[in-house]
Amino acid sequence: MDANTIEKIESLVSASQIGAPGTSVPTMLVPHGYSLESLEKYQDAPSRFRGRFSTSSIEDFAAYVNDEAKARVFVDTDDMEAESFFDLGDTAAAGHGEHRATLKLQRTAPYAACLQAHDRAFGQKELAHFIEDWHAHITGESTSGKELTAKQLANMVRRIEVKASVERTHEEGDWNTKRSGLDALDASAGEDTPAFIRFASLPYEGLSLRTFDLRVSILTDDTKPRLKLRITGLEGIQEEIAREFKQVLRDQLGDHATLLLGNFRKG
């Protein structure tokens, strides 16, 4: 019997005398050159509960959390997400944090379309098609203060004409601009022009309906006009949506969870 064989036998005898390493998960201590393997998969039941539930529905997230023991929920209002932990424990008796539920809200299709239109320059036909595609969500207002239907808006956009004239002053506005101090391009759509497109939509499922005002201005840098849309007060509206998100979660969860603003990651 060579020396390596004798050393392996001695190691196995030593390991058998040490016994289990003292964990609730079944393991076996083996000598150097072997790996520590869990035997949990051979048990009738796991040693502890592990799992992660993911959803984009506030209602389903709340239903899952409310069906468990008291949880800690960390809310990220920047990304419109929330994560709940059910087994974190505390500093005296820490848990593994392996049972959790995550919520990530998804923008509705109308809200996504509205955001995509923000700060974008459309051709006349392109904007008319955008209005017609989302007509169920759109109304408008002309520069004279007249309320417009989606159909009236689309027709008004199609009628816009650009005319050139000679000027020696420089001036810029929503519906006219001067070029080189000499050549002026003026846009008109008959007696009136569109001032605002109002886009009503749910930003996320489970939150309230909101109306976004998109200011219409014209870019006359070429012979063909381009219409630019800009959501007024967008940052403020998004802050309101984030606050509503947290409040809706608080109302849905009640005393079943502690809500904290921020993110949590195990060290």
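The values are calculated or read from the model by the stated rules, or taken from the named source; none is laboratory data. All values reported here derive from a predicted model rather than from experimental measurement. Positions of Cβ are generated from backbone atoms using ideal geometry, with glycine treated the same way; all protein chains shown enter the neighbour counts. These area figures cover heavy atoms from the full protein model, side chains too; ligands, DNA and RNA do not enter into them. Shrake-Rupley method; radii C 1.70, N 1.55, O 1.52, S 1.80 Å.
Of note, D79 does not satisfy the criterion of being open to solvent by 70 Å² or more (accessible area, probe 1.4 Å), touching a residue at least 60 places away in the same chain (Cβ under 8 Å) and not β-branched (V, I, T).
Selection of the stretch 74-101 for residues being in a strand (DSSP E or B) and touching a helix residue (DSSP H, G or I) at 6+ places or on another chain (Cβ under 7 Å) yields V75, A82, S84, A101.
When the residues of the stretch 128-162 are filtered to those that are in a loop (DSSP other than H, G, I, E, B) and more than 19 Å from I231 (Cα to Cα), the one that is least open to solvent (accessible area, probe 1.4 Å) is I160.
Residue pairs whose Cβ atoms lie under 6 Å apart, separated by 6 or more positions or on different chains, with the first residue in the stretch 41-66 and modelled with pLDDT under 90 and the second among the hydroxyl-bearing types (S, T, Y) and exposed (fewer than 15 other Cβ atoms within 10 Å of the Cβ), are S47/S24.
Summed over the stretch 193-215, the residues that are surrounded by 16 or more Cβ atoms within 10 Å (Cβ to Cβ) and of a type in the set (D, E, K, R) give a count of 3. If the condition is being touching a strand residue (DSSP E or B) at 6+ places or on another chain (Cβ under 7 Å), surrounded by fewer than 18 Cβ atoms within 10 Å (Cβ to Cβ) and modelled with pLDDT under 90, then the stretch 91-127 contributes G95, G97. Any residue at all in the stretch 226-234 that's of a type in the set (D, E, K, R), surrounded by fewer than 17 Cβ atoms within 10 Å (Cβ to Cβ), over 22 Å from R72 (Cα atoms) and in contact (Cβ under 8 Å) with a residue 12 or more places away in the chain? Yes; the residues of the stretch 226-234 include at least one that is of a type in the set (D, E, K, R), surrounded by fewer than 17 Cβ atoms within 10 Å (Cβ to Cβ), over 22 Å from R72 (Cα atoms) and in contact (Cβ under 8 Å) with a residue 12 or more places away in the chain.
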